[in-house]
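Since the structure comes first, as structure tokens, the remarks are kept for the end.
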Amino acid sequence: MAQRRIITIGRMFGSGGHDIGKLLAEKLDFGFYDKELLALAAKESGLAPEVLESNDERPTSSLLYTLSMGTHGIIPGTDAMPLGHQVFLAQFEAIRKLAQKGNCVIVGRCADYALRGVPGVTNVFIHAPLEYRLGRVQRQFGISETEARDRIAKTDKKRAAYHNSYSDHKWGALETYHLSVDSSVLGTEGTEELIRRFLELQIQKEV
């Protein structure tokens, strides 16, 4: 693998995206960034870690629209960028810097958009039927089916709104990913192996 490789993972809540991404990074000996990205973004930007945590993957008004209007996210009459935009840009810059440093797996946070056009990037979206995700969320958090159903709906809605606010394509849209996979078919280990094999074939084709 002469060329630097970055795998971005978009995921439905409860599909196992975090676990699959972490296992993939371990198997490939890549860096792994999910919540870890928040600490890096805080260090680089000077924003307090708790600020990034509380605003992590939370939607706001469209940054793309704001930038297209030439305001660069600054509220008229102030010299401060809206907090949500600051958090996004801090993560955006952290993602871009990680891509320059070495091979890694990055989960969520519009990494596919942040790294658009960067060579060696493979964008993956992990999904699964609701019943499968309900079971995983109930076991992971020790909550009832009703609570799990509510958490899944709210988290997916938040992730979609966040991604759609900052990206120029829709969260989960098949045509925007190199690979979209149902994790319920092969489970965590099988899905990780599938993605790893896909990457190997992708690299072979590039040679």
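A few points about this structure:
- Output for the stretch 41-57, where each listed residue is open to solvent by 60 Å² or more (accessible area, probe 1.4 Å), within 27 Å of N103 (Cα to Cα) and either modelled with pLDDT of 70 or more or not in a helix (DSSP H, G or I) (or both): K43, E44, G46, E53
- Note on the stretch 177-201: residues that are over 18 Å from D112 (Cα atoms) and outside any helix (DSSP H, G or I) total 1.
- In the set (1) within 20 Å of the chain's Cα centre (by Cα); (2) open to solvent by 20 Å² or more (accessible area, probe 1.4 Å), V124 fails one condition alone, (2).
- Filter result (free of Cβ contacts under 8 Å to residues at least 24 places away in the same chain and either polar (S, T, N, Q) or surrounded by 15 or more Cβ atoms within 10 Å (Cβ to Cβ) (or both)) within the stretch 194-207: L194, Q204
- Residues that are in a helix (DSSP H, G or I) and without any contact (Cβ under 8 Å) to a residue 12 or more places away in the chain were ranked within the stretch 1-38; the one that is least open to solvent (accessible area, probe 1.4 Å) is E36.
- I143 vs. criteria at pLDDT 90 or above and surrounded by 20 or more Cβ atoms within 10 Å (Cβ to Cβ): no
- Sole residue being assigned to a strand (DSSP E or B) and of a type in the set (A, V, I, L, M), chosen from I152, I126, I143: I126
- Flag if G108 is over 13 Å from the mean Cα position of the chain (by Cα), on the phi > 0 side of the Ramachandran plot and either at pLDDT 80 or above or exposed (fewer than 14 other Cβ atoms within 10 Å of the Cβ) (or both): no
- Qualifying residue in the stretch 161-176 (condition: exposed (fewer than 13 other Cβ atoms within 10 Å of the Cβ), at negative phi, at pLDDT 95 or above and outside any helix (DSSP H, G or I)): no
The values are calculated or read from the model by the stated rules, or taken from the named source; none is laboratory data. Predicted, not measured: the structure shown is a model, and the values here were computed from it. FYI the Cβ positions are ideal-geometry reconstructions off the backbone, even for glycines, and counts take in every protein chain you see. Keep in mind that these areas ignore ligands, DNA and RNA; they rest on the heavy atoms of the full protein, side chains included. Shrake-Rupley method; radii C 1.70, N 1.55, O 1.52, S 1.80 Å.
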